[in-house]
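The values are calculated or read from the model by the stated rules, or taken from the named source; none is laboratory data. Just so we're clear, the structure is a prediction, and the values are computed from it rather than from any experiment. When we count neighbours, we look across all protein chains shown, and the Cβ atoms used for this are built from the backbone with ideal geometry, even at glycine.
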Amino acid sequence: MAERPGEWVVIDLGTAHGSVDEDAPPGPRHRRLATRWRLAAASLALALVCGGAVVAEPPFRTTAAIPVEAGSSVSVAGDLLVVADPVRTEVWDAAALSFAGGVAGGETVEGETILRGYALPDGTPRWERRLPAAMSQSASRAGDLVLVASRDSIRRQTATTAIDARTGALRWRRGDAVMTVPDVPVGLAVEEVRSASGAGRRISGRLDAVRLADGAALWGVDVPSTAVAHVVAGAPPVAVLVFDSGRAEVRDLTTGRLRAAGTLPPADYAPDNPRLVDGGFVLRHPDRGPARRRLALSAYDLGTLGLRWSRPDRTRDVSWVPCGGDLCGRTPEGVWTLRVADGAQVFQAGDRLPWLPVRGSGSQLVVRELADERLAVAAGGTTTAPRALGTLPAGSRDCRLGTGVLVCRGGDGLHLEIFTLPRS
């Protein structure tokens, strides 16, 4: 087996292949057949990438390359590529200028961010506008809007700016984070907690439901200490709030009406715990049962917050992702599938080679580096044998999925390459 992702095993069979010195030289027909076999073997070797998977054709095709700075913030928001760069301004010290004869004495300060939108897949510039400076900016799509999240030095979101996706015009701005899900016209505006465990794990202060079309607040609640919040699509969409006391609430996202309430076991509540799935959620928490196992998984109904089932959790280093209404997780050893209806768990052994999810793909598109530094791309990230799509040029990294395209930073770090996705 190959020791590195995409590494081929070559077996040297020598030159004799069982012949003896007295064998006559091969004739023309034998040479033609041998040539065909060598060509076939070479074609097969070219197909064996991604740890043995067959690469689909056609390969990825580059549609554009956009120059960027090494420190640019890059996002893909649907059919838009959004690049944010700080605007650097020279500020001159008059005394230093006088002393140095007008030669020296300047310093660079950052007071604004310039935001550029490029159409996908061709990379045509669409709009440009300036925003207040931030340590980093990231963009996501919400209908006809681009929501730009401004973050500080610890990655805590400090502002959200709504921009018209077509024209770049400013629609509204708030001094907090706004959580959204696709195809839901209302989001949750929250204040992220500064924490040693990482920004965005908890919220505090005030929580408001925000109409995305104009930024208007529809309803709100005060968070007495800290909490975790989720927006869940549905009919109607709901807000799920889990307070650090263990109290859980399900509220109508548009009206704020309380639909269900209950108490969950003590746990390390975070954006990925509880993990929401179709019609419910799964919580990882210390086991309170008689077996006194270290951890347990418990599933709750989203409509009533009633317990569906609870089972020991023996998984380690698992990254859970939703898959077809169930819950799938990738570990170094393979993939777990947890059936949310009854807690049944199935394990599939993998090849132990690291696949990394592509941003914006919901973990359904994965990549891993080959021995020659090309990047293998595959679909079906929650399976043990993802379906290979092709490879990207050596050095490609930091890829994001857009509408029908992959956008990756090139090997030199100073340009973005836009690749069309191969047709399945």
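Considering only residues of region 70-98 that are in a loop (DSSP other than H, G, I, E, B) and either at pLDDT below 50 or out of contact with any Gly (no Cβ under 9 Å at 6 or more places or on another chain) (or both), which is surrounded by the most Cβ atoms within 10 Å (Cβ to Cβ)? Working first, answer last.
Filtering region 70-98 for residues in a loop (DSSP other than H, G, I, E, B) gives 70-72, 78-79, 93.
From what is left, the residues that are either at pLDDT below 50 or out of contact with any Gly (no Cβ under 9 Å at 6 or more places or on another chain) (or both) are 71-72.
On the way: Gly71: 10, Ser72: 19.
Out of the qualifying residues, it is Ser72.
I'm trying to understand the selection: among the residues of region 395-407, which are surrounded by 14 or more Cβ atoms within 10 Å (Cβ to Cβ) and out of contact with any Pro (no Cβ under 9 Å at 6 or more places or on another chain)?
Scanning region 395-407 gives Gly395, Ser396, Arg397, Cys399, Arg400, Leu401, Leu406, Val407.
Is there a residue in region 300-311 that is of a type in the set (Gly, Ala, Ser), surrounded by fewer than 20 Cβ atoms within 10 Å (Cβ to Cβ) and out of contact with any Gly (no Cβ under 9 Å at 6 or more places or on another chain)? Before you say what the answer is, go through the steps one by one.
Taking region 300-311 as the starting set, the residues that turn out to be of a type in the set (Gly, Ala, Ser) are 303, 306, 310.
Those left that are additionally surrounded by fewer than 20 Cβ atoms within 10 Å (Cβ to Cβ): 303, 306, 310.
Cutting the leftovers down to out of contact with any Gly (no Cβ under 9 Å at 6 or more places or on another chain) gives us none.
Looking through region 300-311, none of the residues is of a type in the set (Gly, Ala, Ser), surrounded by fewer than 20 Cβ atoms within 10 Å (Cβ to Cβ) and out of contact with any Gly (no Cβ under 9 Å at 6 or more places or on another chain).
Got a sec? Which of Leu283, Leu241, Leu218, Leu297 is part of a strand (DSSP E or B), out of contact with any Ser or Thr (no Cβ under 9 Å at 6 or more places or on another chain) and touching a residue at least 12 places away in the same chain (Cβ under 8 Å)?
Working: Leu283 fails: out of contact with any Ser or Thr (no Cβ under 9 Å at 6 or more places or on another chain); Leu218 fails: out of contact with any Ser or Thr (no Cβ under 9 Å at 6 or more places or on another chain); Leu297 fails: out of contact with any Ser or Thr (no Cβ under 9 Å at 6 or more places or on another chain).
Only one candidate passes the filter, namely Leu241.
Inspect region 219-233 for any residue being within 22 Å of Leu305 (Cβ to Cβ), acidic (Asp, Glu), surrounded by 14 or more Cβ atoms within 10 Å (Cβ to Cβ) and out of contact with any Asp or Glu (no Cβ under 8 Å at 6 or more places or on another chain) and give the result as yes or no. Break it down into steps so the answer makes sense when it comes.
Narrowing region 219-233 to residues within 22 Å of Leu305 (Cβ to Cβ): 219-233.
Subsequent filtering for residues that are acidic (Asp, Glu) retains 222.
Narrowing further to those that are surrounded by 14 or more Cβ atoms within 10 Å (Cβ to Cβ): none.
Among the residues of region 219-233, not one is within 22 Å of Leu305 (Cβ to Cβ), acidic (Asp, Glu), surrounded by 14 or more Cβ atoms within 10 Å (Cβ to Cβ) and out of contact with any Asp or Glu (no Cβ under 8 Å at 6 or more places or on another chain), which makes the answer no.
Among what's in region 319-340 and is free of Cβ contacts under 8 Å to residues at least 24 places away in the same chain, assigned to a loop (DSSP other than H, G, I, E, B) and more than 18 Å from Ser361 (Cβ to Cβ), pick the residue that is farthest from the chain's Cα centre (by Cα).
Among those residues, the one meeting the criterion is Arg339.
Taking Arg201, is it outside any strand (DSSP E or B), touching a residue at least 60 places away in the same chain (Cβ under 8 Å) and either touching a strand residue (DSSP E or B) at 6+ places or on another chain (Cβ under 6 Å) or at negative phi (or both)? Working first, answer last.
Working: outside any strand (DSSP E or B): yes; touching a residue at least 60 places away in the same chain (Cβ under 8 Å): yes; either touching a strand residue (DSSP E or B) at 6+ places or on another chain (Cβ under 6 Å) or at negative phi (or both): yes.
Yes.
List the number of the failed condition for Ser361; all other conditions in (1) over 30 Å from Leu81 (Cβ atoms); (2) surrounded by fewer than 20 Cβ atoms within 10 Å (Cβ to Cβ); (3) at pLDDT 85 or above; (4) not acidic (Asp, Glu) hold.
(1)
If you take the residues in region 103-121 that are assigned to a loop (DSSP other than H, G, I, E, B) and modelled with pLDDT of 50 or more, which one is nearest to Val146 (Cα to Cα)?
Taking region 103-121 and keeping what is assigned to a loop (DSSP other than H, G, I, E, B), we get 103-105, 120-121.
Right, trim to modelled with pLDDT of 50 or more and you get 120-121.
Numbers: Leu120: 14, Pro121: 17 Å.
Going through the qualifying residues, I end up with Leu120.
Inside region 216-248, can you point out the residues that are closer than 17 Å to Asp278 by Cα and among the acidic types (Asp, Glu)?
Just the residues of region 216-248 that are closer than 17 Å to Asp278 by Cα, to begin with: 229-241.
Selection gives nothing.
Taking region 133-170 as the search range and keeping residues that are touching a residue at least 24 places away in the same chain (Cβ under 8 Å) and touching an Asp or Glu at 6+ places or on another chain (Cβ under 6 Å), which one is nearest to Val87 (Cα to Cα)?
Within region 133-170, the match that is nearest to Val87 (Cα to Cα) is Ala133.
Which residue is modelled with the lowest pLDDT, if the candidates are limited to region 253-280 and must be β-branched (Val, Ile, Thr) and part of a strand (DSSP E or B)? Spell out the reasoning first.
Our first condition is that a residue be β-branched (Val, Ile, Thr); within region 253-280, this holds for 254-255, 263, 277.
With part of a strand (DSSP E or B) added as a condition, the list becomes 263, 277.
Values: Thr263: 95, Val277: 87.
Ranking the candidates gives Val277 first.
Any idea which of Val277, Val178, Val228, Val242 is farther than 23 Å from Leu295 by Cα and not small (Gly, Ala, Ser)?
Exactly one residue qualifies, and that residue is Val178.
So which residues in region 342-360 are part of a loop (DSSP other than H, G, I, E, B) and either in contact (Cβ under 8 Å) with a residue 12 or more places away in the chain or among the aromatic types (Phe, Trp, Tyr) (or both)?
Initial filter on region 342-360 (part of a loop (DSSP other than H, G, I, E, B)): 342-344, 350-355, 358, 360.
Answer for region 342-360, where residues must be part of a loop (DSSP other than H, G, I, E, B) and either in contact (Cβ under 8 Å) with a residue 12 or more places away in the chain or among the aromatic types (Phe, Trp, Tyr) (or both): Asp342, Gly343, Gly350, Asp351, Arg352, Leu353, Pro354, Trp355, Val358, Gly360.
Looking only at region 234-243, count how many residues are buried (at least 16 other Cβ atoms within 10 Å of the Cβ) and out of contact with any strand residue (DSSP E or B) (no Cβ under 6 Å at 6 or more places or on another chain). If you could, list the steps in order and put the result at the bottom.
Kept after step one, since they are buried (at least 16 other Cβ atoms within 10 Å of the Cβ), are these residues of region 234-243: 237-243.
With the extra rule that they be out of contact with any strand residue (DSSP E or B) (no Cβ under 6 Å at 6 or more places or on another chain), the set shrinks to 237.
So the answer is 1.
Within region 382-422, take every residue that is free of Cβ contacts under 8 Å to residues at least 60 places away in the same chain and either assigned to a loop (DSSP other than H, G, I, E, B) or among the aliphatic types (A, V, I, L, M) (or both) and give me the one that is nearest to Pro332 (Cα to Cα). Break it down into steps so the answer makes sense when it comes.
First, pick out the residues of region 382-422 that are free of Cβ contacts under 8 Å to residues at least 60 places away in the same chain: 383-384, 393-397, 399, 408, 411-412.
Cutting the leftovers down to either assigned to a loop (DSSP other than H, G, I, E, B) or among the aliphatic types (A, V, I, L, M) (or both) gives us 383-384, 393-396, 411-412.
On the way: Thr383: 13, Thr384: 11, Pro393: 26, Ala394: 25, Gly395: 24, Ser396: 24, Gly411: 28, Asp412: 31 Å.
Top of the filtered list is Thr384.
Quick grid of which residues meet (1) hydrophobic (A, V, I, L, M, F, W, C); (2) more than 24 Å from Pro322 (Cβ to Cβ):
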site: Pro182; (1), (2): no, no
site: Val221; (1), (2): yes, yes
site: His230; (1), (2): no, no
site: Pro265; (1), (2): no, no
site: Leu276; (1), (2): yes, no
site: Asp287; (1), (2): no, no
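Checking the condition in contact with a Gly (Cβ under 9 Å, 6 or more places away or on another chain) and surrounded by 14 or more Cβ atoms within 10 Å (Cβ to Cβ), which residue from Gly329, Gly411, Gly390 passes?
Values: Gly329 fails: in contact with a Gly (Cβ under 9 Å, 6 or more places away or on another chain); Gly390 fails: in contact with a Gly (Cβ under 9 Å, 6 or more places away or on another chain).
Among Gly329, Gly411, Gly390, only Gly411 is in contact with a Gly (Cβ under 9 Å, 6 or more places away or on another chain) and surrounded by 14 or more Cβ atoms within 10 Å (Cβ to Cβ).
Residues being in a strand (DSSP E or B), at pLDDT 95 or above and surrounded by fewer than 21 Cβ atoms within 10 Å (Cβ to Cβ): count how many of those fall in region 148-167.
Qualifying residue count, region 148-167: 1.
Residues Arg316, Arg368: which one is surrounded by fewer than 21 Cβ atoms within 10 Å (Cβ to Cβ) and either assigned to a loop (DSSP other than H, G, I, E, B) or without any contact (Cβ under 8 Å) to a residue 12 or more places away in the chain (or both)? Spell out how you get there, then give the answer.
On the way: Arg368 fails: either assigned to a loop (DSSP other than H, G, I, E, B) or without any contact (Cβ under 8 Å) to a residue 12 or more places away in the chain (or both).
So the residue among Arg316, Arg368 that is surrounded by fewer than 21 Cβ atoms within 10 Å (Cβ to Cβ) and either assigned to a loop (DSSP other than H, G, I, E, B) or without any contact (Cβ under 8 Å) to a residue 12 or more places away in the chain (or both) is Arg316.
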